[in-house]
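The values are calculated or read from the model by the stated rules, or taken from the named source; none is laboratory data. Just so it is clear, the structure is predicted and the values come from calculations on it, not from any experiment. Backbone-built Cβ (ideal geometry, glycine too); neighbour counts: all protein chains shown. Just so you know, the surface numbers come from the protein's heavy atoms only, side chains and all, with ligands and any DNA or RNA stripped out. Shrake-Rupley method; radii C 1.70, N 1.55, O 1.52, S 1.80 Å.
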Amino acid sequence: MSSFIFPKDFLWGGALAANQAEGAYLEDGKGLSLVDLLPTGEKRRSIMKGNVPSLTPLEGEFYPSHEAIDFYHRYREDIALFAEMGFKALRVSIAWARIFPTGEDAAPNEAGLQFYDDLFDELLKHGIQPVVTLAHFDVPVNLIAKYGSWRSRKLVSLFETYAKTVFARYKHKVKYWMTFNEINMLLHLPFIGAGLVFQEGENVKQIQYQAAHHQLVASALAVKACHEIIPDAKIGCMLAAGSFYPYTCNPEDVYQGMEKDRESYFFIDVQSRGEYPGYAKRFFKDHGLTIEMEPDDADILKHHTVDYIGFSYYSSRTTSTDPEVIKNMTSGNVFGSVANPYLDKSEWGWTIDPKGFRITANQLHDRYQKPLFVVENGFGANDEVSPEGEVNDDYRIDYLKRHIAEMGEALQDGVEIIGYTSWGPIDIVSASSGEMRKRYGYIYVDRDNEGNGSLNRIKKKSFHWYKNVIHSDGENLGE
Ligand code: BGP
C-alpha cells in the first residue's frame, strides 16, 4: 500500500497528555488538576459534563489519573522506546498545576519546572522534538473552586502568566507549542474542556460561550507571548476535527451538517482568522447570549493568530434532520453522531473512516490556508497479551496504515501537513472512559481498569510496523 514518500523533515511521532500518562498527581508540589476529580465508571460522563459532586476526590472511587502509567518516573525508559521507533516528535502537555499548584501562586514551583526540563532534555538527547500543549484538559482545581474556572475573566491573566513562565523557561528547548487541546470540547464536555461546573437552572450556553471567549483571548495572548519570547517557535490551536456528512442530499440535512461543522470551526475561525464570524454573531443574537468583551479584545484576537492548525482526527461524523434516522446514533470522539451505514465501528462505537481524514484535512486547508499538524489519530482497542507475551494488534496496524495512506493523498492534493503524532504511542488512560483497556499504543502497559498490574512495557506488533513506516518516510505501510 502507498508508494508515496513523505517529506524528509515530516514530524513523525506520538502524542500524550500529562493527566493521562504522568500519574504522580500530588508529587513534588503539584496541585490538584481537574482530571484528578474524574473517577472511572458511570459517574465519569456526568462529571465531564459539569455535574461535579465535589472538588476533592471521594472515598471509594478509583481515579485513574492519580497513577496513570507512571510516566512521571518512567519517561526515560519510554522515550528510549519512542527513539527506537525513530520518533521525530513527541507531543506532551505540561500540567499547569505542576508549575502553579494553585494556579495563582506568587512564584512557580521549581520542582515542576525541573521535571519538564529533564523531560525535554531527554527527548532532545534522542533527537525528538517536544511538541507541547499548554492546557490539555487541565485547570488547577483551586481556580475552579475560587473563580468558577474559565467563566471568570481572571483566568485569562493567570493563564498568560503560566504561558509566559513556561515559554521563558523552555525557550531553547521547545519550538512547537499549542494552546488548548480540542478547544471545541468546551461545548460538549465542559468540565473536562474548561473546568466548568453548573448549578441547577443556569444558562449553560451563556456560560460556555463566555468561557470560550476567555479561552480565545487567553490563547491569543499566549500566541503573542510565544512570538515575543521565542521568535523561532511555532504555536498552533487544536481542534477535535472530523467533518460532518449530511445523511442525505436533502438541503435540510446539508444545512445542518454545515451548522454542526461551524460549531467547531467557530473556535478556529477566531484563532486563525482573528475575529468572530458572522454566523457566530447571529447565533448569539438568536439565542439571547451576550458575551462580555473588553475594549482591547478584538485587537488582541486580530493581531495574534496561530501559526498552524493542530487537529485530532479519529472519524468523520454524520447528521440528519430525520427523526427516524437519528434514532440510530453512535459514539465518537467528543460527541456522538448518526451511524453511517457505509462505515465500520470500533468496539467503543467510534466510526472508522480513513477517507474522511483526507476530506477533513482538505477542508481545513481550504478554509485556513495554514500548515496543518495532525496531533492525534489512532485506534482504541482492547489488546490481549498472548501466552508467549506478544500483542498482535493487526487491527491497529490496519487502521493506521489506511489513515496514513489518506494523509499521503492529502499531501498530494496540496495540503501542507507538517507532522503526524498518533495518539497514545504507549497505552495510557482513556480520556472519555477512564479505562486502561481502551488502548492506542505501540507499547503495551501492564495495567488494568482497576489499577492492577506491574506497569511493565511490552512492544506490540505495531511497534515494529510503525518503526518501518518512519524509517521509510511513510513509503512502506505494509500489505
Ligand atoms: C481526544 C483527547 C485525548 C484522547 C483521545 C482519545 O479527545 O484529546 O486526550 O484521550 O481523544 O480518546 P479516548 O481516550 O477517550 O479514547
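Brief remarks on what is shown
- Residue within segment 358-380 that is part of a helix (DSSP H, G or I), open to solvent by less than 10 Å² (accessible area, probe 1.4 Å) and within 16 Å of the ligand (Cβ to nearest atom) present: yes
- Check on Tyr209, of a type in the set (Ser, Thr, Tyr), open to solvent by less than 10 Å² (accessible area, probe 1.4 Å) and modelled with pLDDT of 95 or more: no
- Qualifying positions in segment 195-227 - within 21 Å of the chain's Cα centre (by Cα) and within 23 Å of Asp286 (Cβ to Cβ): Leu196, Gln208, Tyr209, Ala211, Ala212, His213, His214, Gln215, Leu216
- If the condition is being open to solvent by 20 Å² or more (accessible area, probe 1.4 Å) and either touching a Cys at 6+ places or on another chain (Cβ under 9 Å) or over 14 Å from Glu384 (Cβ atoms) (or both), then segment 420-439 contributes Ala431, Ser432, Ser433, Glu435.
- When Arg262 is tested against (1) crowded, with 21+ Cβ neighbours inside 10 Å; (2) touching a helix residue (DSSP H, G or I) at 6+ places or on another chain (Cβ under 6 Å); (3) within 15 Å of Leu364 (Cα to Cα), exactly one condition is not met: (1).
- Taking segment 115-161 as the range and being without any contact (Cβ under 8 Å) to a residue 40 or more places away in the chain and either of a type in the set (S, T, N, Q) or surrounded by 22 or more Cβ atoms within 10 Å (Cβ to Cβ) (or both) as the test, only Ser157 passes.
- Among the residues of segment 61-84, the ones that are small (Gly, Ala, Ser) and buried (at least 21 other Cβ atoms within 10 Å of the Cβ) come to 2 in all.
- Residue list for segment 238-297, filter: in contact with a His (Cβ under 8 Å, 6 or more places away or on another chain) and within 17 Å of Ile326 (Cβ to Cβ): none
- Pairing residues of segment 264-284 that are within 20 Å of Gly242 (Cβ to Cβ) and assigned to a helix (DSSP H, G or I) with residues that are β-branched (Val, Ile, Thr) and modelled with pLDDT under 95, at Cβ distances under 8 Å and at least 6 apart in sequence or on separate chains, gives no pairs at all.
- Count - residues of segment 1-45 that are small (Gly, Ala, Ser) and within 16 Å of the ligand (Cβ to nearest atom): 9
- Just one of (1) surrounded by fewer than 19 Cβ atoms within 10 Å (Cβ to Cβ); (2) in contact (Cβ under 8 Å) with a residue 40 or more places away in the chain fails for Pro251. It is (2).
- The C-beta contact set for segment 68-83 (first residue part of a helix (DSSP H, G or I), second residue of a type in the set (Asp, Glu), distance under 8 angstrom, 6+ apart or interchain) comprises Phe71/Glu22; Phe71/Asp78; Tyr72/Glu22; Tyr72/Glu27; Tyr75/Glu122; Arg76/Glu122; Ile79/Glu122.
- Ala240 being of a type in the set (Gly, Ala, Ser), in contact with a helix residue (DSSP H, G or I) (Cβ under 9 Å, 6 or more places away or on another chain), away from the ligand (no atom under 16 Å from the Cβ) and not in a loop (DSSP other than H, G, I, E, B): no
- For segment 304-352, a residue qualifies if it is open to solvent by 30 Å² or more (accessible area, probe 1.4 Å), of a type in the set (Ser, Thr, Tyr) and away from the ligand (no atom under 13 Å from the Cβ), and the qualifying residues are Thr305, Thr321, Tyr342.
- Residues satisfying the stated conditions in segment 11-44, i.e. without any contact (Cβ under 8 Å) to a residue 60 or more places away in the chain and either open to solvent by 50 Å² or more (accessible area, probe 1.4 Å) or basic (Lys, Arg) (or both): Tyr25, Leu26, Glu27, Glu42, Lys43
- Tabulated pairs, segment 446-462, first closer than 18 Å to Glu22 by Cβ, second of a type in the set (Phe, Trp, Tyr) and open to solvent by 40 Å² or more (accessible area, probe 1.4 Å), C-beta under 9 angstrom, 6+ apart or interchain: Gly451/Phe62
- Given (1) within 23 Å of the chain's Cα centre (by Cα); (2) touching a residue at least 60 places away in the same chain (Cβ under 8 Å), index of the condition Lys260 fails: (2)
- Going through (1) within 16 Å of the ligand (Cβ to nearest atom); (2) free of Cβ contacts under 8 Å to residues at least 60 places away in the same chain; (3) surrounded by fewer than 23 Cβ atoms within 10 Å (Cβ to Cβ) one by one, Asn468 falls short only on (1).
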